[in-house]
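Colleague: A single structure is presented below for examination.
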Amino acid sequence: MIDKAIEFATKAHEGQFRKGTKRPYIVHPVEVGDIVSSMTEDEEIISAAVLHDTIEDCAGVTEEVLAREFGVRVAVMVAQESEDKTKTWVERKGATIRHIGKSPVEVQMIGLADKLSNMRDIDRDYPVEGENLWNRFRMKDKEMIGWYYKGIRDALAESFRGVAAYEEYCRLVEKNFG
C-alpha cells in the first residue's frame, strides 16, 4: 500500500516543486511518510502521510478518489490533514493549530511529520538564504510563521513529548524562531 501511495502521490504532484526551490515536491510527502514510519508501522497511516497534500494541492484528487484507491480510513486521515484554501493564511493556520490538538493521534502524527519536514527545509535553507527565505512563503512575516510553528509545537506537546520526531521539531522551532 505504501508503494502504491508513493506512485499515486508522485503522479499527483508531477511538475510541482517545493516553494522557492527546484526540489521536486514529491521529496516532501516521501519524507513525511518516512518520519511517520519512525512512529508507527501502520501502513494506512504511513500511506496517508505520503498522500497528505494530494487533496489540498492536486487537481482531481478528492476524499472520494482516495477512499476508492486506498480505503476510507486513509482518505479520512488525508482530509483531516487538509486545509481549506479559500480561507486566509491566518484563518487556515489558526484552524490547524486548534484542530491538531484535538485530532486522533494518527492525524497528529501526520501533522507532526509534515511540520518537521517543513522545519528541516527551513533549517537547511535559512543559513543560505537569510531573511530572503521568508519571501518564498505566502506569509512573508517570520514572526507570523514562527507563531504558527510554535502553536503546532504547543498543541502536540501532550501527545508527543519524548518522541524523537517531536523533540527534533522542538529543537528546530527554537533554533529558527526562538
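Colleague: Do any residues in the range 116-132 that are touching a residue at least 24 places away in the same chain (Cβ under 8 Å) and over 14 Å from I145 (Cβ atoms) have Cβ atoms under 8 Å from those of residues that are open to solvent by 30 Å² or more (accessible area, probe 1.4 Å) and acidic (D, E), where the two are at least six apart or on different chains, and which pairs are they?
Modeller: L116/E168; S117/E31; R120/E31
Colleague: Same structure, new question: What is the residue count in the range 20-40 for residues that are under 17 Å from K4 (Cβ atoms) and either out of contact with any helix residue (DSSP H, G or I) (no Cβ under 9 Å at 6 or more places or on another chain) or polar (S, T, N, Q) (or both)? Before you say what the answer is, go through the steps one by one.
Modeller: Going through the range 20-40, the residues under 17 Å from K4 (Cβ atoms) turn out to be 26, 29-30, 32-34, 36-37.
Remaining after also requiring either out of contact with any helix residue (DSSP H, G or I) (no Cβ under 9 Å at 6 or more places or on another chain) or polar (S, T, N, Q) (or both): 37.
Qualifying residue count, the range 20-40: 1.
Colleague: What is the residue count in the range 48-65 for residues that are of a type outside the set (V, I, T), open to solvent by 20 Å² or more (accessible area, probe 1.4 Å) and not in a helix (DSSP H, G or I)? Spell out the reasoning first.
Modeller: Taking the range 48-65 as the starting set, the residues that turn out to be of a type outside the set (V, I, T) are 48-49, 51-53, 56-60, 63-64.
Remaining after also requiring open to solvent by 20 Å² or more (accessible area, probe 1.4 Å): 56-57, 59-60, 63-64.
Those still in the list that are not in a helix (DSSP H, G or I) too: 59-60.
Result for the range 48-65: 2.
Colleague: Let me ask you something else. Does at least one position in the range 23-40 carry a residue that is over 18 Å from the mean Cα position of the chain (by Cα) and of a type outside the set (S, T, N, Q)?
Modeller: Step one: filter the range 23-40 for residues over 18 Å from the mean Cα position of the chain (by Cα), giving none.
Looking for residues that are over 18 Å from the mean Cα position of the chain (by Cα) and of a type outside the set (S, T, N, Q), one finds none in the range 23-40, hence no.
Colleague: If you don't mind, another one. Give all pairs with beta carbons closer than 6 Å in which a residue from the range 133-155 that is under 19 Å from R120 (Cβ atoms) meets a residue that is open to solvent by less than 60 Å² (accessible area, probe 1.4 Å) and outside any helix (DSSP H, G or I); count only pairs at least 6 apart in sequence or on separate chains.
Modeller: Pairs that qualify, where the first residue is under 19 Å from R120 (Cβ atoms) and the partner is open to solvent by less than 60 Å² (accessible area, probe 1.4 Å) and outside any helix (DSSP H, G or I), are I145/M139.
Colleague: Condition first: at pLDDT below 95 and on the phi > 0 side of the Ramachandran plot. Now tell me which residues in the range 61-109 satisfy that.
Modeller: Within the range 61-109, none qualify.
The values are calculated or read from the model by the stated rules, or taken from the named source; none is laboratory data. As the structure is a computational prediction, the values presented were derived from the model and not from experiment. In this analysis, Cβ positions are derived from the backbone assuming ideal geometry, glycine residues included, and neighbour counts consider all displayed protein chains. What goes into the accessible areas is simple: the full protein's heavy atoms, side chains included, and nothing from ligands, DNA or RNA. Shrake-Rupley method; radii C 1.70, N 1.55, O 1.52, S 1.80 Å.
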